[in-house]
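Below is one structure, written out as structure tokens; the observations come after it.
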Amino acid sequence: MQTRLAPQYQSNPLAQEAETILRSCVHCGFCNATCPTYQVLGDELDGPRGRIYLLKELLAGATAAESTRLHLDRCLSCRACETTCPSGVRYARLLEIGRHLQNAALPRAPGEELRRRAIRAIIGQPRRLRPLLALAQTLRPVLRAPIARHIPVPAPVRSPYPVTTPQRGKVLALAGCVQSVATPQTEAALQKILAHLGYTLLRGEGCCGALSLHLDAWEEAHEQIRRNIDAWWPVVTAGVDAILVSASGCGSVVKDYGDILRDDPQYAAKAARIAALAKDPSEWLQAHREALPMATEERARIAFHAPCSLQHGQRIQGVAEAILQGLGYRLLPVTDAHLCCGSAGSYSLLQPQMAEELRRRKLENLEAEQPQWIATANVGCQLFLNQAAQVPVRHWLELVAEALPEA
Ligand code: SF4
Ligand code: SF4
């Protein structure tokens with residue numbers, strides 16, 4: 001797709017990058033078929049091809065308009081369109097730049113901006129989120145059921161598990177901001193699995209930066225990433241076998257650290273090293289499958305929800321599912337497994353109607369075969385689906401841990 005940059009963008013490196021991406025789009029529209037918002041709304045401008053067209057117009061000098069923002073904001077950044085695109089269009093990066101340029105040309109209304117700041121200031125900060133969640137959990141028994149369902153109740157955890165001998169190494173595992181507060185059972189499960197395999201879990205603190213990055217607060221995100229690198233670096237240089245990120249949404253961003261800080265002379269090399277070490281636990285466990293027990297009987301019937309950040313962001317498909325099957329879980333077929341559940345980071349807070357419709361469709365498919373549990377790989381999907389699911393939604397690592405013998 002040819003674009004002529006408007007004079008105000010001609011020397012802007014972001015606009016130049018966007019223009020290069022635009023050139024790879026041949027306007028075929030294959031991507032519309034897998035776009036959740038296009039499926040719900042049926043409007044060309046609420047599909048990837050239409051959004052790409054809007055961004056092209058913006059770069060060519062069209063006046064930034066609220067109507068453009070509406071269609072860009074409705075995008076989930078799920079990247080299903082990237083997986084489908086035959087031309088390899090880097091849509092997510094194009095959208096990120098487009099939103100940034102749109103917001104620079106036409107700032108959001110102060111109330112909207114405040115809402116986004118509040119989300120970043122609370123959700124990405126465990127020291128603020130923890131007391132608020134504790135208060136909500138205290139009030140839960142007296143709240144009406146539809147409200148109470150929105151408040152997660154962490155499962156009890158037993159931790160730490162002793163590491164089996166011989167010890168094979170150390171792994172840095174990111175605690176995550178929301179996961180560490182709302183679902184600590186995931187980290188406990190990972191620790192048990194690693195202990196079983198002979199690895200010590202070293203805990204990495206800090207928000208990965210995804211929330212700020214996706215809410216167009218780039219400087220804030222870069223600062224978070226630099227702080228994380230400073231905090232993790234001594235452990236990395238002392239020697240770790242991998243950096244495991246059990247929330248796939250965070251993993252997708254940590255794997256991008258090298259790219260995000262590529263122009264930072266002080267941090268570029270460190271960021272690239274961290275990105276190279278980052279792995280989803282499914283990739284790690286795949287390489288250690290021989291040390292996991294073989295299934296002797298069927299454990300439970302489960303439906304697996306592959307988060308977009310895992311299947312489209314990290315392009316990991318079928319790996320966690322195969323590990324669960326090897327442990328004796330029966331995986332039920334799920335229609336439209338490539339579609340987003342509506343959670344999408346802060347999307348469910350900012351676009352609740354679309355998010356709830358996508359969740360309704362997703363749960364209909366996940367629960368069609370009457371599973372005992374729904375398993376997933378990202379805390380955001382887990383919490384959002386749990387609010388409306390008929391059966392518990394759990395992190396798949398919990399199911400792996402339960403299949404291992406108690407130490
Ligand atoms: S599938 Fe790819 S090339 Fe075709 S319209 Fe969509 S983004 Fe463009
Ligand atoms: S990222 Fe997802 S919601 Fe956005 S255009 Fe692509 S498929 Fe549609």
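Throughout, read-outs are computed from the coordinates displayed, never taken from laboratory work. This one's a predicted model, so the numbers in the text were calculated from it and none came from an experiment. Cβ atoms come from the backbone with ideal geometry, glycine included; neighbour counts cover every protein chain shown.
Modelled this way, with points 7 Å down the Cα-to-C-beta line, the labels at residue 105 and residue 370 are 5.5 nm from one another. Label positions at residue 301 and residue 144, each projected 7 Å from the Cα along the C-beta direction, are separated by 3.5 nm.
Full extension of the chain between residue 57 and residue 269 gives 72.7 nm of extra length, using 0.36 nm per residue less the Cα-Cα distance. Can you tell me the orientation of helix 110-123 relative to the chain, as the angle in degrees between its alpha-carbon axis and the longest Cα principal axis, to the nearest 10? With both axes taken from Cα atoms, the answer is about 20 degrees. Highest average first, the peptides 181-187, 23-29 ordered by how many other beta carbon atoms sit within 10 Å of their residues are 181-187, 23-29.
Put in line by how crowded their Cβ is, counting other Cβ atoms within 10 Å and starting with the fewest, 78, 341 read 78, 341. A Förster radius of 45 Å combined with the Cβ-Cβ distance from residue 122 to residue 27 puts the calculated FRET efficiency at roughly 0.65. Stretching the chain fully between residue 223 and residue 41 yields a gain of 61.8 nm (0.36 nm per residue, less the alpha carbon separation). Does region 169-285 come out rounded, prolate or oblate, given a ≥ b ≥ c as the square roots of the eigenvalues of its C-alpha gyration tensor, rounded meaning a/c under 1.5 and, failing that, prolate meaning a/b above b/c? Verdict is oblate for region 169-285. When shorter helices are ignored and each DSSP H run of at least 4 residues is given -39500 (n - 2.57), the per-residue value for the chain at 222 nm works out to -14500 deg cm²/dmol. The gain in end-to-end length when the residue 388 to residue 153 segment is fully stretched comes to 83.2 nm, 0.36 nm per residue minus the alpha carbon separation. Cβ-to-Cβ counts within 10 Å put 335, 34 in ascending order as 335, 34, the fewest first. I need the calculated FRET efficiency for the pair residue 112 and residue 353, taking r as the beta carbon distance and R₀ as 25 Å, to the nearest 0.05. E(calc), rounded to 0.05, equals 0.95. Which of the three applies to the chain, rounded, prolate or oblate, going by the alpha-carbon gyration tensor with a ≥ b ≥ c and a/c under 1.5 meaning rounded? Since a/c reaches 1.5 and a/b is larger than b/c, the shape of the chain is classed as prolate. Overall form of region 4-123: oblate. Here a/c, set by the Cα gyration tensor axes a ≥ b ≥ c, is 1.5 or more, and a/b is not larger than b/c. The count of lysine pairs in the chain whose Cα atoms are under 23 Å apart, excluding pairs fewer than 8 places apart on the same chain, comes to 8.
Work out the FRET efficiency for residue 14 and residue 83 from their Cβ-Cβ distance, taking R0 = 22 Å, and round it to the nearest 0.05. After rounding to 0.05, the efficiency reads 0.35.
Ranked by the mean number of other Cβ atoms within 10 Å of their residues, highest first, the peptides 287-293, 188-194 fall in the order 188-194, 287-293. For the chain, the longest principal axis of the alpha carbon atoms and the long axis of helix 352-366 meet at an angle near 50°. This ranking places 374, 119 by how few other beta-carbon atoms lie within 10 Å of each, fewest first, which gives 119, 374.
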